[in-house]
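K.L.:
Pasting in a structure now, in structure tokens, and then I'll have a few things to ask.
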Amino acid sequence: MVEASRRTVATPERLARQRSTLAGLLPTAEDVVPIGPNFIATAATFVFLLVAPTLCLWLFEEIWKDDVADDPIAAYLLRVDLPRTALQAASGAGAFLLIATILQVWRHHRPLPAYRPVLFALLIAWVWVIPEAIARGGSVVSGAVIGSALAVAFAIQWGLTVHLVRVLD
């Protein structure tokens, strides 16, 4: 009986052996959220968000021709300057980096298909932006275009992150 209890006693040496064995099995934070693919995807998202106001303005000009200034949301894009756009693109890319990091950790603990966050991003962007555009005197079309641009920016962030993690793994 005394011999059996000696085998189950947790000695420091035994705990150190167990920790080293478990350390090889448990993923590190770098394994779950690799830093390189996330920063590459964030840089691509920043570039897209830097160009997105111009793309949206071109789309509004195609939709409304000479009446672009009648929609307050589209008219706002006419007054956007580079420093303000760069600041908004950097903050948007940082927010998408944070969201993608949270989703990677969540995906590690509860696997989900890679396309699902992109679908949710489109729905969330439309539900968030369209009512805001209407409340500010804009149209549903302008809200849908801006919301779609935000969803595409997140799709770039998430898609590149998922793809680069697979490629570099």
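No lab work stands behind these numbers, since they all come straight from the coordinates. Here the structure is a predicted model, which means the values were calculated and not measured. No Cβ is skipped: glycine too gets one built from the backbone with ideal geometry, and neighbour counts run over all protein chains shown.
K.L.:
Multiply the residue separation of Leu119 and Leu55 by 0.36 nm, subtract the distance between their alpha-carbon atoms, and state the gained length in nm to one decimal.
P.N.:
In short, 20.9 nm is gained.
K.L.:
How large, in Å, is the stretch 29-168 by the Kirkwood hydrodynamic radius built from its alpha-carbon pairs?
P.N.:
Kirkwood hydrodynamic radius for the stretch 29-168: 15.9 Å.
K.L.:
While we're on this one: At 0.36 nm per residue, minus the direct Cα-Cα distance, what do Val140 and Ser91 gain on full extension? Give it in nm, one decimal, please.
P.N.:
15.1 nm
K.L.:
Given points 7 Å out from each Cα along the Cα-Cβ axis, report the Ile35 to Trp106 separation in nanometres with one decimal.
P.N.:
For the pair Ile35/Trp106, the computed spacing is 2.5 nm.
K.L.:
Net charge near Pro117, counting Lys/Arg +1 and Asp/Glu -1 over other residues with Cβ under 14 Å of its Cβ?
P.N.:
Charge balance in the 14 Å sphere: +3.
K.L.:
Follow-up. Apply 1/(1 + (r/R0)^6) to the Cβ-Cβ distance of Ala43 and Asp70, taking R0 = 30 Å, and write down the FRET efficiency to the nearest 0.05.
P.N.:
For Ala43 and Asp70, the calculated efficiency is 0.25.
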